[in-house]
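Trainee: The structure's right below; bear with me while I get my questions together.
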Amino acid sequence: MEARCACGAIGIATDASAIFIILCHCLECQRRTGAPFGAGVYYPGPDIRISGDPGEYARGTESGGTMRNRFCARCGSTVWWTIDAHPELVGVALGTFATPVPNVPVHSLWERSRCSWVAFEGVTERHPLGFPQA
């Protein structure tokens, strides 16, 4: 799988299978994407190959952690992110892939701020906040 920013200066490649796909309705993901939710495909970090020189924007999360968004300084596209609480994972923006991702999103997080008109087929795990703590 290959993902790129809009201008092609920043890229991600992997041969790994996605661990899961998350739809996030938190207000910060809505602001990041300019859409009613963010969609991220998560992979094991060691299986990701990065090209280009991304910018980074670190922000606090509603659950108290830190999320580090990597984006293209030229076109502004967010390409991937990491969450300090899960350094073993890399989330890649679903819309940056050149070919459709075959998996269906399973998890829908922060549903308390989901737009009431947004509905999905195939989502089996719905959480009013983030992932439940183990």
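Trainee: Kindly evaluate G34 against the criterion of being touching a residue at least 12 places away in the same chain (Cβ under 8 Å) and more than 16 Å from H127 (Cβ to Cβ).
Mentor: no
Trainee: Can you spot a residue in the range 61-72 that is aliphatic (A, V, I, L, M), buried (at least 17 other Cβ atoms within 10 Å of the Cβ), touching a residue at least 60 places away in the same chain (Cβ under 8 Å) and farther than 22 Å from M1 by Cα?
Mentor: No, the range 61-72 contains no residue that is aliphatic (A, V, I, L, M), buried (at least 17 other Cβ atoms within 10 Å of the Cβ), touching a residue at least 60 places away in the same chain (Cβ under 8 Å) and farther than 22 Å from M1 by Cα.
Trainee: I've got another one for you. Can you list the strands (runs of 3 or more DSSP E) lying wholly within the range 13-71 that have 1 or more residues being small (G, A, S) and within 24 Å of V104 (Cα to Cα)?
Mentor: Here the list reads 38-44.
Trainee: Ok, one more. Where residues in the range 21-35 are loosely packed, with under 15 Cβ neighbours inside 10 Å and not small (G, A, S), which of them is modelled with the lowest pLDDT?
Mentor: L27
Trainee: Oh, and also: Checking S116 against (1) under 27 Å from A6 (Cβ atoms); (2) over 16 Å from the mean Cα position of the chain (by Cα); (3) surrounded by fewer than 13 Cβ atoms within 10 Å (Cβ to Cβ): exactly one of these is not met. Which one?
Mentor: Going through the list (1) under 27 Å from A6 (Cβ atoms); (2) over 16 Å from the mean Cα position of the chain (by Cα); (3) surrounded by fewer than 13 Cβ atoms within 10 Å (Cβ to Cβ), S116 breaks only (1).
Trainee: Considering each residue of the range 80-105, count those that are in contact with a Leu (Cβ under 9 Å, 6 or more places away or on another chain) and either part of a loop (DSSP other than H, G, I, E, B) or surrounded by fewer than 13 Cβ atoms within 10 Å (Cβ to Cβ) (or both), and give that number.
Mentor: Qualifying residue count for the region: 2.
Trainee: Give the residue, chosen from Y57, Y43, that is exposed (fewer than 15 other Cβ atoms within 10 Å of the Cβ), among the aromatic types (F, W, Y), over 15 Å from A6 (Cβ atoms) and in contact (Cβ under 8 Å) with a residue 12 or more places away in the chain.
Mentor: Y57
Trainee: Could you please find all residues in the range 49-93 being acidic (D, E), in contact with a strand residue (DSSP E or B) (Cβ under 7 Å, 6 or more places away or on another chain) and more than 15 Å from G11 (Cα to Cα)?
Mentor: D84, E88
Trainee: Does the range 75-101 hold any residues that are under 16 Å from T61 (Cα atoms) and not hydrophobic (A, V, I, L, M, F, W, C), and which are they?
Mentor: T82, D84, H86, P87, G91
Trainee: Next question, about the same structure. For S108, state whether it is among the hydroxyl-bearing types (S, T, Y), more than 23 Å from E2 (Cβ to Cβ) and touching a strand residue (DSSP E or B) at 6+ places or on another chain (Cβ under 8 Å).
Mentor: Criteria met by S108.
Trainee: Restricting to the range 2-12, name every residue that is crowded, with 19+ Cβ neighbours inside 10 Å and either outside any strand (DSSP E or B) or not small (G, A, S) (or both).
Mentor: R4, C5, I10, I12
Trainee: Looking only at the range 12-31, count every residue that is closer than 14 Å to N69 by Cα, more than 10 Å from the chain's Cα centre (by Cα) and not β-branched (V, I, T) and tell me the total.
Mentor: Residues in the range 12-31 being closer than 14 Å to N69 by Cα, more than 10 Å from the chain's Cα centre (by Cα) and not β-branched (V, I, T): 3 in total.
The values are calculated or read from the model by the stated rules, or taken from the named source; none is laboratory data. Bear in mind that the values here come from a model prediction, so they are computed numbers and not experimental data. Because the Cβ atoms are built from the backbone with ideal geometry, glycine has one as well, and the counts that use them run over all protein chains shown.
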